[in-house]
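All remarks here apply to the structure that follows.
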Amino acid sequence: MNYDKIFSQALGKLKSEGRYRVFADISRRRGDFPYAIHHTDGVEREIVVWCSNDYLGMGQNPEVIEAMEQALENCGAGSGGTRNISGTTHYHVQLEEELASLHGKEAALLFTSGYISNEATLSTLAKLLPGAALVSDALNHASIIAGIRQGGGRKEIFRHNDVAHLESILRGLDLDQPKIVAFESVYSMDGDIAPINDICDIARKYKAMTYIDEVHAVGMYGKSGGGVSERDGAAARIDVIEGTLAKAFGIMGGYITGSPQLIDVVRSYAPGFIFTTSLPPVLAAGALASVRHLKKNNALREKLQERAAKMKRMLLDAGLPVMPSQSHIVPVLVGAADLCKRISDELLYDHQVYVQPINYPTVPRGTERLRFTPNPLHTDAMMEQLVVALDKVWTKHQLNRAA
C-alpha cells in the first residue's frame, strides 16, 4: 500500500480545483497593527492585514499585554495539566466569573478553543438528554455540526434564518421530547444576523432549549460586549451562550455560559474538557483583561461599526461586488476558487494587501469570495489604498462589478 501516493492524490485534487490552502508567513508587530511583515523568499515586505479575526485589535492592547506579562512573571508558561488534575488557576476562576457576568448567566466553563466548546458541549448534551433532537441552522459552523454528529441523536436542519421552517420542524416533534435549537448570532462568511428573539419565541413554544454561538459577536455588540443577544435583549432567554476569546478579545480559547447545573454537567461529562490541558495562565490573564476592558469601552465597538460601514460604501461606490452584510464583516464576491486564490496572491504580492480567499467547503461552490474585516485601527488612507488595489485587480481580470 502506497500511503503517500493516496495522500498526494488527495492534495492534487485540491490543487486542481484551486482550493489548496497556502499559509502566508507573516509577523505581526506589537503596537503597529494592522501592519505586519510578510516573509517570502528571504525578503521582508510590509503589508496591511485585512482578514484578521482580531476584530478590535485587542491582541495589541497595552492593558492586555501588561496583564499577560505579569501573569507570565507570576506563574510561568504552562498551566500544569487538565483542569481536573492541576490546571485550574485563579486566572481561570476569575475569567469564568467574568464571562458568566458578561452574558448575565450564573456560570461559565472555559475550553481551549471555540471549536472545542461547541463540539464538546453539543455532543455531551445530546448524549445526556434521552431521545434528544438537535435542530440546527443550515449555515452553522463546522464545530456545531461536529458536535451534533458526535452526539449520535436525531438531527434536523432548518433553512438559514428561516423561523417558519424551524417551527414546522419543531411542530413535527413530540412536545415532551428533549430538543435543542442551535444557531449563530453573526454568520461569519455572509455577515448576516439571526432573528434571535423570533427563534427564542418558537423554541419556547415547543419546549426546546436554545444554544447560540456568539463567537463573531462577543466584544463587538451589546452595551457591554455580550454579543447580539445582549444588543437585542435576548440573552436571558437563551439557555447556552457560547463564545470565543480568540476573535474580538484577541487571545485564545472558547467558553460556554448557562445555568450552574448545565455548566457542571458539561464539566463533569465532556471528554473534550476533561482530557484536555487547560489554557496557560498567561492566556487566561490576557483574556480576563480584554473582557474587562471591552465591558466598559463602547467606543471601540462604535468605531468598528463606523469603519465597516464606510468600507462598504467605498467599495460599492467603486462598483465592486460587495455582498449584503448586516454586520462588521465585508465579503466581496469572486465566484471561482482558482480565481479567488489568484486574486488574493496578486493583492498580497503586488499591492501589499493581505486577504485570504474563502473557498468551498467554507462557502458553497460558485460563491467564493474575499472576506474583509476592517477594524478600528484601519485608517481612511488604508481603505483608499485597498479600493484602488481592488479596482486594478478587478479591471485586469474583467470581473463582474455587481454582486
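The values are calculated or read from the model by the stated rules, or taken from the named source; none is laboratory data. This is a predicted model, so every value here is computed, not measured. All Cβ positions, even for glycine, are placed from backbone atoms using ideal geometry, and neighbour counts span all protein chains on display. Remember, those area values only see protein heavy atoms, side chains included, never the ligands or the DNA or RNA. Shrake-Rupley method; radii C 1.70, N 1.55, O 1.52, S 1.80 Å.
The calculated FRET efficiency for the pair residue 84 and residue 164, based on their C-beta separation and a Förster distance of 30 Å, comes to about 0.10.
When 179, 5 are compared by accessible area of protein heavy atoms, the largest-first order is 5, 179, using a 1.4 Å probe. Among the protein heavy atoms, those of residue 21 account for about 150 Å² of accessible surface (1.4 Å probe, every chain in place).
Within the range 356-388, whose backbone N sits under 20 Å from a point 7 Å along Cα→Cβ of residue 400? Correct set: 357-372.
Cross-link pairs exceeding 28 Å in C-alpha to C-alpha distance, out of 312/396; 155/312; 223/312, comprise 155/312. Only protein heavy atoms count here; under a 1.4 Å probe, residue 314 has an accessible surface of about 40 Å². Counted by Cβ distance under 15 Å from residue 70, the other residues give a net charge of -3, where Lys and Arg count +1 and Asp and Glu count -1.
Distance between the C-alpha centres of the range 59-91 and the range 231-274: 20 Å, rounded to the whole angstrom.
Give the angle, between 0 and 90 degrees and rounded to the nearest 10, that separates the Cα long axis of helix 337-351 from the longest principal axis of the Cα atoms of the chain. Once rounded, the angle reads 60 degrees.
Here the label points at residue 176 and residue 43, each 7 Å from Cα along the C-beta direction, are separated by 7.2 nm in the simple model.
What percent does the relative contact order of the chain come to when contacts are Cα pairs within less than 8 Å and at least six residues apart? 21 percent. Treating the angle as unsigned and between 0 and 90°, give the value, to the nearest 10°, between the Cα long axis of helix 380-397 and the longest Cα principal axis of the chain. Helix 380-397 sits at roughly 70 degrees to that axis. Using a probe of 1.4 angstrom, how much of the accessible area of the chain is carbon and sulfur, in percent? Carbon-and-sulfur percentage of accessible area, whole number: 52. Determine, from the Cβ-Cβ distance of residue 63 and residue 1 and an R0 of 41 Å, the FRET efficiency 1/(1 + (r/R0)^6), rounded to the nearest 0.05. Efficiency for this residue pair is about 0.15. Multiplying the residue separation of residue 198 and residue 22 by 0.36 nm and removing their Cα-Cα distance gives an extension gain of 59.3 nm.
Note on the chain: dipole from Cβ charges, positive end direction compared against 258, 309, 16; the farthest Cα belongs to 16. Place a point 7 Å from Cα of residue 74 in the direction of its Cβ. Which residues in the range 88-131 have their backbone N less than 15 Å from it? Within reach of a label on residue 74: 88-98. If I fit a long axis through the Cα atoms of helix 196-205 and take the longest principal axis of the Cα atoms of the chain, what angle between them do I get, 0 to 90°, rounded to 10? In the chain, helix 196-205 runs at an angle near 30 degrees to the longest axis. Per residue, the chain exposes 44 Å² of solvent-accessible protein surface, assessed with a 1.4 angstrom probe and all protein chains in place. Going 7 Å from the Cα of residue 128 toward and past its Cβ, which residues in the range 199-239 have a backbone nitrogen under 15 Å from where you end up? From the range 199-239, the list is 209-211, 239.
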